[in-house]
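The values are calculated or read from the model by the stated rules, or taken from the named source; none is laboratory data. These figures come from a predicted structure and were not determined experimentally. As a convention, Cβ positions derive from the backbone with ideal geometry for all residues, glycine included, and neighbour counts pool all protein chains shown. SASA here: full protein model, heavy atoms, side chains in, ligands and nucleic acids out. Shrake-Rupley method; radii C 1.70, N 1.55, O 1.52, S 1.80 Å.
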Amino acid sequence: NDINHFAIQFDSTRMCNSIAAIRKSMKSERAAVSTSLGQLAASHAELLESIGNREHEMWRVKDMHQQRLEDLERDFNEQLQNLNAQLQYQTQYGASSGGG
């Protein structure tokens with residue numbers, strides 16, 4: 001009877017030690033997962049910031065190109081008006097007057 005009691009107590013102690021080891025392991029796993037999630041969140045934030053920066057840069061470049069296009073269009077129209085004026089002048093007063 002004493003031997004059975006000792007065996008049960010030994011099994012019980014062994015089981016408690018196993019449970020303690022499992023708890024410790026779970027705690028460390030939980031900490032590792034928590035750390036990983038933290039790193040993932042940080043990476044996600046960096047990625048979002050990077051996307052935001054690229055998007056901002058894309059719009060900046062688009063605006064710059066749009067402005068350049070408008071400038072070119074304006075210059076083209078001015079040159080066209082100048083050419084029309086010269087053509088009109090030459091048509092009206094003749095090319096023989098030697099003007100430029």
Would you check if there is a residue in the stretch 67-87 being over 41 Å from the mean Cα position of the chain (by Cα), of a type outside the set (Asp, Glu) and outside any helix (DSSP H, G or I)?
no
Gly52 fails exactly one of (1) open to solvent by less than 100 Å² (accessible area, probe 1.4 Å); (2) in contact with a Gly (Cβ under 9 Å, 6 or more places away or on another chain), namely (2)
Per the filter on the stretch 22-46, residues open to solvent by 100 Å² or more (accessible area, probe 1.4 Å) and under 27 Å from the mean Cα position of the chain (by Cα) are Leu37, Gln39, Leu40, His44, Glu46
Residue set Phe10, Phe76; condition modelled with pLDDT of 95 or more and not polar (S, T, N, Q); output residue Phe76
